[in-house]
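Peer 1: If you scroll down you'll find the structure; I have some questions about it.
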Amino acid sequence: MQLTVGYVIISKSFYVLNYYDYLLENLDYGVIKMPEEYYNHSNICSLLFDGYIEEAIDVFTEKTEKLTIVPSAKRTYLSSLNLAIYNFILVMEHISLHKCCMDNEQLITTHTAKSTVLIGADIIRAYGSDSNYLIEKYENPHIKAAIAYIHEHLNDTLNLDTVSTAAFIDRVYLCQLFKKEVGINFNSYILSQRMKLADKLLAETALSIEYIAEHCGYKTPSYFSTCYKKYYGIKPSDVRSTQ
């Protein structure tokens with residue numbers, strides 16, 4: 001199976017190539033080739049892979065605002081994001097989201113007046129919301145719905161009542177089913193995802209600890225710091241001090 005994206009042919013064996021070398025050789029649309037920081041979107045891919053869609057968008061926005069993307073390089077920059085995510089999912093999940101990739105490339109081509117940040121956000125959301133991706137590994141539809149809701153609302157109050165309502169399932173049954181299907185209990189999963197997200201944002205962005213605390217569902221930075229230290233053994237500020 002092959003997929004045509006702009007001027008590039010992608011096949012199922014695409015992921016065995018050195019992606020960044022391939023990108024430099026094949027995504028030159030008549031503009032100067034960009035340094036690695038422009039096309040290395042690994043931290044964005046990693047966040048998206050773990051289900052953190054809005055956080056991935058925040059990182060992309062922060063990165064893009066710091067870079068100088070000249071108009072002639074806009075398409076190459078956005079295509080590199082599109083193909084980086086496609087390739088990452090193909091490698092990690094063995095899922096080819098070819099239609100999503102093609103639709104994104106069409107978006108890049110046709111929405112030239114739209115800002116780079118907004119198009120990039122649309123690309124990330126398109127992959128993150130693709131039904132074949134985020135929750136593919138879970139077969140039970142209620143667990144799929146619960147996992148999707150949790151990842152979309154990590155910055156909100158999460159409990160069995162709100163999640164069971166969103167997943168159209170009894171709260172007691174959800175608690176039992178969650179442990180059986182996911183392998184850990186409901187509250188432990190939420191904590192692990194919030195901590196994983198916090199750790200990524202601390203290590204890979206310059207976002208403030210106050211912002212990260214709120215974004216991970218903690219009402220105060222002090223309580224967030226307490227939970228983080230209990231989980232990882234060090235304070236959030238210690239992570240920043242070592243960078």
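Peer 1: Rg (Å, one decimal) plus Dmax (Å, integer) for the alpha carbons of the range 48-110?
Peer 2: 12.5, 34
Peer 1: Further question on the same structure: Need one number: nm distance between label points at Ser222 and His111, each 7 Å from Cα along Cα→Cβ, rounded to one decimal.
Peer 2: Roughly 4.3 nm, to one decimal.
Peer 1: Let me check I've understood the local charge: for Asp161, count other residues with C-beta under 13 angstrom from its C-beta, Lys and Arg +1, Asp and Glu -1. What total comes out?
Peer 2: -1
Peer 1: Measuring from the lowest to the highest alpha carbon on each principal axis, how far does the range 128-243 reach, largest first, in angstroms?
Peer 2: 43, 28, 21
Peer 1: What is the Cα centroid distance between the range 175-243 and the range 58-102, reported in whole angstrom?
Peer 2: Using only Cα atoms, the two centres lie 26 Å from each other.
Peer 1: Another question about this same structure. Place the peptides 116-124, 225-233, 95-103 in order of packing, highest mean first, counting for every residue the other Cβ atoms within 10 Å and averaging per peptide.
Peer 2: My ranking of the peptides, most packed first, is 116-124, 95-103, 225-233.
Peer 1: Averaging sequence separations of C-alpha pairs under 8 Å and six or more residues apart, then dividing by the length of the range 92-243, give the relative contact order as a whole percent.
Peer 2: Values: 117 pairs, mean separation 23.3, N = 152.
So the answer I get is 15 percent.
Every number here is computed from the coordinates shown, using simple stated rules; none is lab data. Only a predicted model underlies this, so the values are computations on that prediction, with no experimental measurement involved. When we count neighbours, we look across all protein chains shown, and the Cβ atoms used for this are built from the backbone with ideal geometry, even at glycine.
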